[in-house]
Amino acid sequence: MTLLVVGGTGEARELAAALDAEGLPVVSSLAGAVTRPRLPAGPVHVGGFGGATGLADWLRAHDVTAVVDASHPFAARISANAVRATREVGLPLLRLERPARTTGAGDRRDEVPDVAAAAERLPGLGRSALVTTGRRNLDAFAALTGVRVLARCVDPPGVVAPHVTVLLDRGPYTLDGELDLLQRNGIEVLVTKNSGGAMTAAKLEAARRLGLPVLMVRRPQPPPDARPPAVVCEVADALAWARERLAGG
């Protein structure tokens, strides 16, 4: 009997650590999208499974009892594969997903459907932007003119346009640090994803305090055939669910 945590997030690491501390069998999976990931407690599978079919085969081969999908809110393909694979194998699945950010007093926030839409809107809002949408999305900003982009990434993105400067950094970030970054670089617009979680809070608060507009990419919605059967927002709830499944409840 084993619980698979589809991870890569802070919540996934917290859940794996709690299960491992109790001596419960847990394996975490990481997509391998970054070169030096923060590893969770216990055994780890790094890399893909080969789609939903490959994941289903892996679940059978490793005597998995239940699955908690605690992947990033924008990892839509991974989440869809988890739904389809567990349905094929007949295993219980829980989605652990941090709440999305909501607009508060003083925010100048506009939601856009995707990164391409954010890049299209950007020139009308300012001449310099901090972009934190990930290294794989920087091509959307390559054709911009009259806008300077500071792109913060964990890993190098490869070749970028001349107006794009790459800042390699990894959170957690502090409010003072984010305020300094925005002011020191003359940032006029923040472009980010609605990832939620504590690691994104500081930059949004800094933008609010400085009165900066924020282009927020909204979360992708799963297709009808890949909606998870149950969703919780707290690690404690996922831990209780996992205990019951591992106990045969």
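What residue, among those in the range 90-120 that are in a strand (DSSP E or B) and not basic (Lys, Arg), is farthest from Thr9 (Cα to Cα)?
Filtering first and then ranking leaves Asp110.
May I ask you to list pairs of residues, at least six apart or on different chains, whose Cβ atoms are under 6 Å apart, with the first in the range 119-134 being of a type in the set (Ser, Thr, Tyr) and the second being part of a loop (DSSP other than H, G, I, E, B)?
Between residues of the range 119-134 that are of a type in the set (Ser, Thr, Tyr) and residues that are part of a loop (DSSP other than H, G, I, E, B), the close pairs are Ser128/Gly186; Ser128/Ile187; Ser128/Glu188.
Only residues that are buried (at least 17 other Cβ atoms within 10 Å of the Cβ), in a loop (DSSP other than H, G, I, E, B) and either of a type in the set (Val, Ile, Thr) or at pLDDT 90 or above (or both): list them for the range 196-227, please.
Leu212, Arg219
If you check Val160, Val191, which single one turns out to be at pLDDT below 95 and over 28 Å from Ala16 (Cα atoms)?
That would be Val160, the only listed residue that is at pLDDT below 95 and over 28 Å from Ala16 (Cα atoms).
Output the residues belonging to the range 40-69 that are polar (S, T, N, Q) and in contact with an Asp or Glu (Cβ under 9 Å, 6 or more places away or on another chain).
If the condition is that a residue be polar (S, T, N, Q) and in contact with an Asp or Glu (Cβ under 9 Å, 6 or more places away or on another chain), then Thr53 is the only one that fits.
From the residues in the range 96-115 that are in contact with a Ser or Thr (Cβ under 9 Å, 6 or more places away or on another chain) and open to solvent by 10 Å² or more (accessible area, probe 1.4 Å), which one is modelled with the lowest pLDDT?
Per the criteria, the residue is Arg101.
Could you say whether any residue in the range 140-148 is hydroxyl-bearing (Ser, Thr, Tyr) and either open to solvent by less than 50 Å² (accessible area, probe 1.4 Å) or in contact with an Asp or Glu (Cβ under 6 Å, 6 or more places away or on another chain) (or both)?
no
Take the conditions among the basic types (Lys, Arg) and closer than 30 Å to Gly23 by Cα and apply them to Arg243. Does it pass?
yes
The values are calculated or read from the model by the stated rules, or taken from the named source; none is laboratory data. Just so it is clear, the model here is predicted, and its values are computed rather than measured. Methodologically, a virtual Cβ is constructed for each residue, glycine included, from the backbone with ideal geometry; neighbour enumeration extends over all protein chains shown. The protein model used for the area step is the full one, side chains on, heavy atoms only, and it has no ligands, DNA or RNA in it. Shrake-Rupley method; radii C 1.70, N 1.55, O 1.52, S 1.80 Å.
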